[in-house]
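Working notes, beginning with the structure itself.
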Amino acid sequence: MKISPGMSFKLLALAGAMMVSTAFAASYEVCNGACTRYAQDAYASAKSYYTTQQTNYCNGLADPNARSACLASVPGYAEQQAQGVYSYVYNECMRSCRASP
């Protein structure tokens, strides 16, 4: 079978596209794994930080009812803040990782 110059260019282009696609998928997996770990570490640190900070704030309130209500809201507040940190770190990491050569 004879391959015309136009056909060989198309085959080369297809092979190149397949290699790029495979490289992108592999780099995505590497980036996703690394960024997930970074984001999980940031999440844990942020949750601990916000729990401590908010608990200290609540414990400083003079009114026992306000203090009790404040302390009850600490887990939800810390979770919300930590989720925001997770999303930010993950997205920035993925953006940076996938932009790298």
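The values are calculated or read from the model by the stated rules, or taken from the named source; none is laboratory data. Model, not experiment: these values are computed from the prediction. Note that we place each Cβ from the backbone using ideal geometry, even for glycine, and neighbour counts take in every protein chain shown. For accessibility, only protein heavy atoms count, side chains too; no ligands or nucleic acids. Shrake-Rupley method; radii C 1.70, N 1.55, O 1.52, S 1.80 Å.
Points to keep in mind about this one:
- Gained length - GLU92 relative to ALA44, 0.36 nm times residue gap less alpha-carbon distance: 15.5 nm
- FRET efficiency, 1/(1 + (r/R0)^6) with R0 41 Å, evaluated for GLU29 and SER68 via beta carbons: 0.30
- Debye intensity ratio in log₁₀ form over the Cα atoms of region 41-101, taken at each q of 0.21, 0.24 Å⁻¹: -0.76, -0.88
- Region 79-98 residues near the modelled THR36 label - backbone nitrogen below 19 Å, point 7 Å along Cα→Cβ: 83-98
- Residues ASP41, ASP63, ordered by accessible area of protein heavy atoms at a 1.4 angstrom probe radius and largest first, appear as ASP41, ASP63.
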